[in-house]
Amino acid sequence: MIKILLFAELQEEAGTDQVEVDKAGVTVNEVKSWLQKQYNLTALENTMIAINESYADENEVVKDGDVIAFIPPVSGG
Amino acid sequence: MIKILLFAELQEEAGTDQVEVDKAGVTVNEVKSWLQKQYNLTALENTMIAINESYADENEVVKDGDVIAFIPPVSGG
Amino acid sequence: MSQLFDIKDTPLSIEEVVEKVTRRECGAIATFIGTVRELTHGKRTLKLEYQAYKPMAIKMLEQIGQEVRDKWPGSTIAITHRVGTLDISEIAVIIAVSTPHRKAAYEANEYAMERIKQIVPIWKKEFWEDGTKWVGDQLEQTAYPEGKPSIKGEEND
Amino acid sequence: MSQLFDIKDTPLSIEEVVEKVTRRECGAIATFIGTVRELTHGKRTLKLEYQAYKPMAIKMLEQIGQEVRDKWPGSTIAITHRVGTLDISEIAVIIAVSTPHRKAAYEANEYAMERIKQIVPIWKKEFWEDGTKWVGDQLEQTAYPEGKPSIKGEEND
């Protein structure tokens, strides 16, 4: 199992801030495609990925227990 | 009469922070020379002059009632 | 000492953040205080909501701290960011940098602010009279040039 | 409103100075806090004494305020300088500048600090273990290039 975290407009679109799903072994990109279809998300395009609280590449393969955060363009400050 | 104000090391050298003297009609420069001799001041050289709280030129003529401040290089901030 | 990098859901105190960086060997403290502005391009903001991915946001603030210490040796930096709902003029972020001399304090502060806007996972939702919007991409990059935010800070050297 | 430019002989409050410049239309406040540094070029300072020609110092601070408002329209600036005896880490000066946007706040703040060191009649006396000295000329100008401090600010453009 992996845990997916959603923030800002992604959270509102999906109607949830986290999803647990059995996706260990696939790439971040595949998780993203699944997520987009599952929740019909419109705002995933410019989103960054963090695995376990560090920015990661979309080609990385997720492992069991990983926390995958989808990070829309940030606007703090 | 004019009032002369002294600050920082000038004040300590002169042993006073102000002097009233009958010098109306002379230039700032002449007041400065008088002051230097009167109090044996060593720190007048790089000093700036203000007349009535505005920076002034050494050739300006002082009028009765003027307040002449001798302003050593500033070090606020 | 309380932690130098923090995310809080209660009003921020400038004195508290400045206190964290005050040191006997430093003569200069530059702070930046970001407040909620009422008008942006003539449009009236009613309030803002900030959301953070808190553990990662703190890690990224700590990374910015390390970058600052590397670039300006002898500096100390503290950053606190607010989350939750903020009214006009409330403080969203405080950055305080102390250095032995003045110039570096301003520079390091400005650098830290730029980096916050690049890599720290915090989002702002605008509330206007006619709607709401999660604001992204304030730096007006339509996409991160290298596919992700620079996490090393090279472009700021 | 309390006055934007002040000379005080009691400890300074950052919140108080920041409060003076906080406005609904501004999103950025940059502050500079000058504190008493213990070591300068390896020499230990025990305490400092600041003296001001108070009415003129306030006039010069007001002039700096006018220069800042002319150069950065829409900015608000407040400056308070301490006088009297200060211990290590005590605050000697606070400059706060609010602007609609961030960059100008830093720039205007730094400009104001430069100008304070040029034209505001305030003097600092250092107390070391082996003596005391009224410090002049921190900008390392051996004499004012034009015979007096620039009171218009042209060289900072």
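A convex hull fitted to the Cα coordinates of the protein assembly as shown yields 156 cubic angstrom per residue.
In the structure shown, the pairs A:Lys3/C:Lys8; A:Lys37/C:Lys133; A:Lys3/A:Lys32; A:Lys3/C:Lys125; C:Lys103/D:Lys54 are assessed against 18 Å; a Cα-Cα span above that value is assigned to A:Lys3/C:Lys8; A:Lys37/C:Lys133; A:Lys3/C:Lys125; C:Lys103/D:Lys54. Ranked from shortest, the separations from the 7 Å Cα-to-Cβ label point of B:Ser33 to its equivalents in the other copies are 9.5 nm.
Take every pair of alpha-carbon atoms less than 8 Å apart whose residues are at least six positions apart; their mean separation over the length of the stretch D:1-65 yields a relative contact order of 37 percent. Given R0 = 30 Å, the distance between the Cβ atoms of A:Val67 and D:His101 translates into a calculated FRET efficiency of 0.25. Projecting label points 7 angstrom from Cα along Cα→Cβ for D:Lys54 and C:Thr10 puts them 3.9 nm apart. Simple spin-label estimate for A:Val21 and B:Glu20 gives 9.0 nm between the two label positions (7 Å along the Cα-to-Cβ direction from each Cα). With contacts taken as Cα pairs under 8 Å and at least 6 residues apart, chain D reaches a relative contact order of 31 percent.
Per residue of chain D, the DSSP helices (runs of n ≥ 4 H) give a summed -39500 (n - 2.57) that works out to -9000 deg cm²/dmol at 222 nm. Distance from the Cα centroid of the stretch A:1-25 to that of the stretch C:1-31 is 35 Å (rounded to whole angstrom). About its Cα centre, the protein assembly as shown has a charge dipole of approximately 360 debye under the convention of +1 per Lys or Arg Cβ and -1 per Asp or Glu Cβ, with nothing else charged. Taking the fewest neighbouring Cβ atoms within 10 Å as the starting point, the ordered list for D:His41, C:His101 is D:His41, C:His101.
With all projection directions averaged, the alpha carbon convex hull of the stretch C:4-44 covers 4.5 nm².
Taken about its Cα centre, the stretch D:9-150 carries a charge dipole of roughly 240 debye when the Cβ of each Lys and Arg holds +1 and the Cβ of each Asp and Glu holds -1. The Cα-based radius of gyration and maximum Cα-Cα distance (Dmax) for the stretch D:11-72 are 15.8, 45 Å. Counting every other Cβ atom within 10 Å of each residue's Cβ, D:Thr85, D:Thr45 order from fewest to most as D:Thr85, D:Thr45. Any chance you could tell me what percent of the C-alpha pair distances in the stretch D:1-105 go past 19 Å? The proportion of pairs with Cα distances above 19 Å equals 47 percent. Only Cα sites of chain A enter the Debye sum here, all with the same form factor; the resulting log10 I(q)/I(0) across q = 0.15, 0.16, 0.22 1/Å is -0.44, -0.50, -0.98, listed in q order. Put a dot 7 Å past the Cα of B:Asn29, heading toward its Cβ, do the same for D:Arg24, and the two dots end up 5.8 nm apart.
Exposure proxy ranking for B:Thr47, C:Thr22, based on other Cβ atoms within 10 angstrom of each Cβ and starting from the fewest, stands as C:Thr22, B:Thr47.
Between identical copies, the spacing of C:Arg24 label points, each set 7 Å from Cα toward the C-beta atom, reads 4.8 nm from nearest to farthest.
A point 7 Å from Cα along Cα→Cβ stands in for D:Lys8, and the other copies hold the same point at 2.1 nm, listed in rising order.
Values quoted throughout were computed directly from the atomic coordinates according to the rules given, and no laboratory measurement underlies them. Values in this document were obtained by computation on a predicted structure and should not be read as measured data. Heads up, the Cβs are rebuilt from the backbone with ideal geometry, glycines too, and the neighbour counts pull from every protein chain shown.
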